[in-house]
1. Within the set of pairs 6+ apart or on separate chains, which have a first residue in the stretch B:496-518 that is of a type in the set (D, E, K, R), a second that is crowded, with 22+ Cβ neighbours inside 10 Å and assigned to a helix (DSSP H, G or I), and C-beta atoms under 6 Å apart?
2. Among strands (runs of 3 or more DSSP E) lying entirely in the stretch A:150-267, which contain 3 or more residues that are over 23 Å from the mean Cα position of the chain (by Cα) and away from every other protein chain (no Cβ under 14 Å)?
3. Is it true that some residue in the stretch A:25-35 is farther than 30 Å from B:Ser744 by Cβ, surrounded by fewer than 17 Cβ atoms within 10 Å (Cβ to Cβ) and modelled with pLDDT under 55?
4. Could you name every one of the helices (runs of 4 or more DSSP H) located completely within the stretch B:695-786 that has at least 1 residues being away from chain A (no Cβ under 14 Å) and out of contact with any His (no Cβ under 9 Å at 6 or more places or on another chain)?
5. From the list B:Asp192, B:Asp217, B:Asp196, which residue is acidic (Asp, Glu), out of contact with any helix residue (DSSP H, G or I) (no Cβ under 7 Å at 6 or more places or on another chain) and under 30 Å from B:Gly284 (Cα atoms)?
6. Within the stretch A:62-81, take every residue that is in contact (Cβ under 8 Å) with a residue 24 or more places away in the chain and in contact with a Lys or Arg (Cβ under 7 Å, 6 or more places away or on another chain) and give me the one that is farthest from the other protein chains (Cβ to nearest Cβ).
7. On the basis of being in contact with a Gly (Cβ under 8 Å, 6 or more places away or on another chain) and modelled with pLDDT under 85, does B:Leu470 make the cut?
Amino acid sequence: MHKFRGLFFVVVILLMLGAAGIYGSTDNPQHESSKIETELKGRDHITYRDDLYDIDFADADYGWTIGCWGRIFHTKDGGKNWYPQNSKVDNYLYSVSFTDRLNGWIVGNYGTILHTKDGGEIWESQKSGTEKHLFEVEFLNKSEGWAVGYWGLILFTSDGGKTWQDKSIKEDIAFNSLSLLGEHCWVVGEFGAVYHTTDKGEHWEKQNSGVGEDVSFFGVDFSNSSEGWAVGLEGTVISTKDGGKTWLQVSDTNGFKDSIFDILVTDKGVFGVGGRGSIIEIIANPGDGSPFKKIVPDTVVFSSLAGACIAGESIWTVGYHGTILKFHN
Amino acid sequence: MQKMKSDNSMQTNVNKPVVEDHAISRFIVSNRYLILIFISVITVFFAFQISKVEIKTELSDLLPQKHEYVKLHKKFRHIFGGANILYIDVFVKDGDIFNTDTLKKISYFTEETKFLPGVDRYKIFSITQSKVKDIKASKFGMEIKPLIPEIPETKEELDALRQKVYTNDMVYGSLVSLDSKAALISVQFQEDIALDYPVIFNKIKEISNTIRDENTDVAIAGDPMVRGYLYSYLGQTKVIFCVTLLAMVALMFIYTRSLQMVFMPVMSGILSAVWGLGFLGILGYALDPLALVVPLLITARTLSHSVQFNERVIEEYAVHRDIRAACYSSIKALFFPGLAGIITDAAGIAVLIAIPIPFLQKLGIISSFWALSTIFTVLFFNPVVLLLLPPFIKERKSEEGIYKKIATKTAMLNSGRGSWAVLGVTLLIAVIGVFYASELKVGDVNPGTPILWSDSAYNKDARILNKSFLGLNPMLIVVEGEEKDSVYKYDILHKIEAYQRHIEKLPSAGGSISIVDVLKKLNLNLNKGNAKWSFLPHSETDIAVLHYMFFSSSDPGDLDAYCTHDNRSMSISVYFKNHEGDTLREAVNATREFEKNNPIKGAKLKFAAGTVGILAAANEEIFKTQVQLLIMSFALTIFFCALSFRSLLAGILLVIPLAVSNYLIFAYMGLKGIGLNINTLPVATIAIGIGVDYGVYFLSRMREQFNGDEDILSSIHTAMNTTGKAICFTALTVGLGVVFWLLSDIKFQAEMGLLLTMATILHILGTLILLPALVLVIKPKFLSKG
């Protein structure tokens, strides 16, 4: 009888050990980290929170993109890798213009102007003399450049930005974009404004855009001194073939209603980028108001695209949430 | 090798006169009727109090009330949001949620949640809720409208909605998943009342079933759901509980083969339970389902004390052949060791009161009282019952059973140089234990909830939710401005924005939101939707204008999540991907570091509220006190043991096996990924302290034998065969209890069951192998004292 009892206890002990063993192998909690894969999350240092406003390339490989919170990103290999550069400011940076691999300028809100002579390793602030927002900058060469912004602000420099001359138009108009061609300069902005100068801003000629005062223009680009395009709010596209003396609006937009924030005239075509990830191509002759077609890129993005440029064979565009897109046509 | 003297020494005692007069023994034997009446009366009194006991969870008890995070949380939870949130994920397999059918289902679910008991109707967020807005720029200025005023029916309307969502930062990724296949409904519940979890649970399940179909499914997570599952498993828990108790009783019966000998421990267990639960009723505390493992452990201890006593009586009976004399000598031998053991146990449990978390304090109070009741329900009650209802004690032949063989071999381990080997091995194990004990983490170790199995319905749902949405575990930071219009001040808002960028760099942070995001969006839309305007204006006037524009087109309370009505305080919600202990620590440290490096007048970051905040608070409290707890536990144990043996050395010797077991248990928890949290801490604490009475019984038996002219080694043998047997038997009983808990749907109960078995086994081994080795090597003087 006691043998049975002893056996019984051995069984119980084995049961307990067995249970412990089973338990050891049953519950394997997964150490998954929840990764969200989406095209909107940028690469490397560029995150979902980095809204990018403009991009410019010196050639096919060397490019810079800029955005909110003083962010500057640089690539040396045509966009495969981007790494951050130190702007030393917190301001929102709206526009970048490089004349070659070394010399570049950036403008931003509250009168920010930055300059580099070494491709962005070091960025220095330049004195704009204003606290108003600057929305676009463009340099013809290492010395001559323009910047436009809020409250009719237009600045011109002939010494590479060391000093800036105030060529503002004394009107309460926000100027959003400019286009340079030789001695011509066009600036566009709120209230359907288009202005033109040929004498470095001493005199400004107001041009008739033909649209109402409720339309703002966000981008302008000219292919030569006669043919040019301007784009703006809710799908507005106007073009000219006489240097802006007369402008004609594209009437049939195929129902396209998003704002277009930048326009690019290239030898591959005329492209616009804008709200809700829109990329459009304008396949018409300037001045005759023909329609355009909308391109939707393969990686469908819904972030607003703020700026575009051409580099080598590709067209680059950047926008909200760290979006950087590249396409060929 | 010395010849074992066992029965010989017993027989010589027969010729000696009956044992000397012992005060307590005399007291108990003489007053047995009085004692019986006294205990009965008290039991009846407590029995009546049991009806007041409810099984429920008081959430506020789980928070360290005095911790600054908890204080912050309680101050602002009504405005900015609390921590008792239910997350409902409605998702589709094919296509996306932008179709009339799915949107109608989301809307239906959202509306139904408003009727859940205890819900805070103003804190329900979903894309179909009117408080979720779409802000748009147009030629005419700014339009602020509900995102979904009516469920769209046509393709154009659906497409328009899709576009609206994609461009809305405050919805895309948080209320709608990035792949558009899932929509989130987050529902907040009140925190200062006890919720009716079973009702909420069943209602949610019912609504889910209504909207499920081949393409649509629902996943639900959040603390209310965890508790709902716990309550739904309550029936199963009760069954396991009963089966366990029955198994224990059955085991005892098989062992003693006497109903009466089984009856007494069971009676003692029941009496202690009545006293314990009655005390609970008097104090008005509730019984939390997660704390049910503790009573079982205490009951096992009660049974063990009873079994020890009965075994001794049987042994004495074999000598005296008279039940009265047998009881008398048993009491004399065991009363004080038993008392020491019980008080030390109770003290080891009572240390929980030192942790400033009400749940643990209440558990400490009730459990230590319950443990102390053993003094009456066993030490006094047991002999009284034996005297009044004398059992028929069968002759126990000295058995050459398996136990004796094992016992002999075990004792032999310590003979000769064996004891040094034992000490050496123990030291090695202890070092390994200490090393791996550093793996032990405070807080949760895995995502989801550790209370349920990782393949449980809840945790599966939690994983689905975490994949779809940026972050479901909010940490709330509050900026309490010093002046009334702080909400318009650029410096303060700029600091908030800087903090958001800083904290979002953490890999575990999914995103954050604050009033700054609202202002940026307003600014953007005020300026024709031009992306370049999505910044925080520098001037106070501009900011005030934006506020005005928002308020004039929105409903009251729409900005509640971001700032208070008096425009003084603002919130920053940071969403984390999980609530693991490491994540919380990282979050708090990053915030602390930022605040230290960026002190701005009138813009102090106060942290942390929300789910992450209060969990971090609980973890911090546990982390701070765990070392104190250990020291207190050991100190009290040493004290009481030293007192009962009148030797400090005795106290220290008894604590050594406990210390080694303690590290081994922590090592086990660390390796197994069992975090030290508010539920595991009491079990771990109690498990450590509660094994000392084995040692006390064993040592005092050894001392008895040693004073009766046996040498140390044979004292060990005798103690092993008598007390040791009872100890092993108790261990088996407790161990048997574990097996059934492993079948529980509640992983926490299985883990705790296993932890307790481990602790028990370790204590047994410590008592039967390590303790003798220590005694043999040190040859302490207290062994010779009477």
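The values are calculated or read from the model by the stated rules, or taken from the named source; none is laboratory data. Predicted model only: the values in this text are computed from it and were never measured. Cβ placement follows ideal geometry from the backbone for every residue including glycine, while neighbour counts extend to all protein chains displayed.
1. B:Glu497/B:Val516
2. In the stretch A:150-267, the matching strands (runs of 3 or more DSSP E) lie at A:194-197, A:205-207.
3. Among the residues of the stretch A:25-35, at least one is farther than 30 Å from B:Ser744 by Cβ, surrounded by fewer than 17 Cβ atoms within 10 Å (Cβ to Cβ) and modelled with pLDDT under 55, which makes the answer yes.
4. Because the criterion is at least 1 residues that are away from chain A (no Cβ under 14 Å) and out of contact with any His (no Cβ under 9 Å at 6 or more places or on another chain), the helices (runs of 4 or more DSSP H) in the stretch B:695-786 that meet it are B:712-719, B:747-765, B:771-778.
5. Matching residue, one of B:Asp192, B:Asp217, B:Asp196: B:Asp196.
6. Top of the filtered list is A:Tyr62.
7. So B:Leu470 fits the description; yes.
Okay, residues lined up against (1) of a type in the set (S, T, N, Q); (2) touching a strand residue (DSSP E or B) at 6+ places or on another chain (Cβ under 8 Å); (3) in the same structural domain as B:Val176 (by TED's automatic domain parsing); (4) modelled with pLDDT of 85 or more:
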| site | (1), (2), (3), (4) |
| --- | --- |
| B:Leu413 | no, no, no, no |
| B:Val425 | no, no, no, yes |
| B:Val431 | no, no, no, yes |
| B:Gly443 | no, yes, no, yes |
| B:Trp453 | no, no, no, yes |
| B:Ile464 | no, yes, no, yes |
